[in-house]
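S.K.: Quick one: the structure is below, questions incoming.
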Amino acid sequence: MKWEGSISFFGTNDLEKTDQFYKKYFDLDIYKDQGKCKIYKIPGAGMIAFCEHMEVLTKNKSPIITFLTENVDEIYDKFNNMDGIELTTHPKKNKKFNIYQFFAKDPNGYTLEIQKFLD
């Protein structure tokens, strides 16, 4: 088998608000606009998609959408100086997993993790 990539799909109740969020905060470009779904290319990391016909699942524990970067502090500072993104933690080392990370929420209530591996 040879894989060519991956797409993770998530539900949204407001596709346009979600679209603006991921363009503004994550600089993601649309790979394919299917009308009720928008698929975004994440450089070096596959794709993520949001669809109006899928349920938003954020009950007790939402899925975690993780973005990997070496610039965790820089991205935290950028987000902290922008309106419209809910930062839920400060950057910190997670000794259990040997990562450096912080968390935020997207407009759908999904948990966003910005992290780098420390090993």
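S.K.: State in Å² the accessible area per residue of the chain; use a 1.4 Å probe, count heavy atoms of protein chains only, and round to the nearest integer.
M.R.: Here the residues of the chain average 65 Å² of exposed surface.
S.K.: Let me ask something else about it. Run down the lysines and flag those whose C-alpha is under 26 Å from the C-alpha of K38, throwing out any fewer than 8 positions away in its chain.
M.R.: K2, K17, K23, K24, K59, K61, K78, K105
S.K.: Where in the stretch 36-119 are there trypsin sites (Lys or Arg not before Pro) that are in a DSSP coil and have at most 13 other Cβ atoms within 10 angstrom of their Cβ?
M.R.: Hits after loop and neighbour filter: K36, K59, K61, K95, K96.
S.K.: Could you pull out the GluC sites (Glu not before Pro) across the stretch 14-119 that fall in loop regions by DSSP (anything but H, G, I, E, B) with no more than 13 other Cβ atoms inside 10 Å?
M.R.: E55, E70
S.K.: Separate question: Output the relative contact order of the stretch 1-118, whole-number percent, from Cα pairs under 8 angstrom with separation of 6+ residues.
M.R.: 24 percent.
S.K.: Another question, then. Compute the acute angle (0 to 90°) between the alpha-carbon long axis of helix 15-26 and the principal axis of greatest extent of the alpha-carbon atoms of the chain; round to the nearest 10°.
M.R.: In the chain, helix 15-26 runs at an angle near 30 degrees to the longest axis.
S.K.: Show log10 I(q)/I(0) for the chain at q = 0.12, 0.15, 0.17 Å⁻¹, two decimals, from a solvent-free Debye sum over equal Cα scatterers.
M.R.: The Debye formula, applied to the Cα set alone, gives -0.45, -0.71, -0.90.
S.K.: Right, here's the next one. Compute the distance in nm between two label points, each set 7 Å from the Cα along the Cα-to-Cβ direction, one at E74 and one at K105.
M.R.: The answer from the label model is 2.9 nm.
The values are calculated or read from the model by the stated rules, or taken from the named source; none is laboratory data. Being a predicted model, the structure only gives us computed values, none of them experimental. A quick note on method: Cβ atoms are made from the backbone with ideal geometry, for glycine too, and the neighbour counts reach across all protein chains shown. Side chains are part of the model used for accessible areas, which takes the heavy atoms of the whole protein and leaves out ligands, DNA and RNA. Shrake-Rupley method; radii C 1.70, N 1.55, O 1.52, S 1.80 Å.
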